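Structure first, then comments.
Laboratory data are not the source of any read-out in this text; all were calculated from the coordinates shown. Everything numeric here is computed off the predicted structure, so don't read it as measured data. All Cβ positions, glycine included, derive from the backbone under ideal geometry; neighbour counts span all protein chains shown.
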Amino acid sequence: MSTARTNARKAAVQALYQWQMTGQNLSLIEQQFVNDEWLKDAQKSYFSEIFHGVPEHLQVIDQALAEFVDRPVEAIDPVERAILRIGVYELMFRLNMPYRVVLNESINLAKCFGADGSHRYVNGILDKLAQRLRAIEIKAKSNT
């Protein structure tokens with residue numbers, strides 16, 4: 001995956017975290033990220049897609065997460081919650097992106113921003129979700 005797309009995800013984690021914590025208007029947060037040059041080395045269009053796509057599909061994303069987490073979605077650490085929501089968004093709405101890429105990127109985001117060991121938590125949940133959401137892709141990979 002391109003570094004620009006990885007950087008877009010990193011910025012999206014931070015922007016979603018800010019949105020989750022403050023409830024600020026998405027456009028205001030996005031403008032702040034643009035103005036402060038957080039997106040200088042990021043794929044801006046992908047940042048925007050994720051940052052607006054997660055809140056737009058929040059109900060279906062959180063419903064999918066709720067099946068696999070051990071507590072209410074809102075009780076998940078806010079950083080992990082932002083990372084999980086991005087991962088679920090990509091598994092559900094970016095079907096052209098291989099599920100392994102989604103999992104690896106999410107694990108790396110958790111290693112970068114999450115608490116010690118949070119990458120294992122993120123991996124466990126997204127792996128179970130991938131088994132359901134991408135079952136055909138996973139089966140096709142195992143047959144090759």
>> Below 14 angstrom from the Cβ of LYS141, what's the summed charge of the other residues (Lys, Arg +1; Asp, Glu -1)?
In response: +1
> How much net charge surrounds GLU49 when only the other residues with a Cβ under 15 Å from the Cβ of GLU49 are counted, with Lys and Arg +1 and Asp and Glu -1?
Replying inline: +2
> How big is D, in µm² s⁻¹, for the stretch 29-94 by Stokes-Einstein at 20 °C and 1.002 mPa s if Rh is the Kirkwood radius over C-alpha pairs?
Replying inline: 167 µm²/s
> ³J(HN,Hα) across the stretch 94-106 via Karplus (A = 6.51, B = -1.76, C = 1.60, θ = phi - 60°), whole Hz, x for Gly/Pro?
Replying inline: 10, 5, 6, 8, x, 4, 5, 5, 4, 4, 4, 5, 5
> How high is the relative contact order of the stretch 26-112, given as a whole-number percent (alpha carbon pairs under 8 Å, six or more residues apart)?
Replying inline: 23 percent
> So which trypsin sites (Lys or Arg not before Pro) in the stretch 1-74 pass both tests, a DSSP loop state and at most 14 other Cβ atoms within 10 Å of the Cβ?
Replying inline: LYS40
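If you place +1 on the Cβ of every Lys and Arg and -1 on the Cβ of every Asp and Glu, how big does the dipole about the Cα centre of the chain come out, in debye to the nearest 20?
With Lys and Arg at +1 and Asp and Glu at -1, about 540 debye.
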> Gain in length, ASP36 to ARG132, computed as 0.36 nm per residue apart minus the alpha-carbon separation, to one decimal in nm?
Replying inline: 30.7 nm
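Counting pairs on different chains as well as pairs 8 or more places apart, how many Lys pairs in the chain have Cα atoms under 16 Å apart?
Lysine pairs, 8 or more places apart or on different chains, close enough: 4.
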> What list of ³J(HN,Hα) couplings, whole Hz, do you get for the stretch 50-62 from phi and the Karplus terms 6.51, -1.76, 1.60, once you set θ to phi - 60° and write x for glycine and proline?
Replying inline: 5, 4, 8, x, 4, x, 5, 10, 4, 4, 5, 5, 5
> Under a Cβ-Cβ cut-off of 15 Å, what is the net charge of the residues other than LEU91 that fall near it, where Lys and Arg count +1 and Asp and Glu count -1?
Replying inline: +1
> Dimensions of the chain along principal axes (Cα, Å, largest first)?
Replying inline: 47, 33, 29
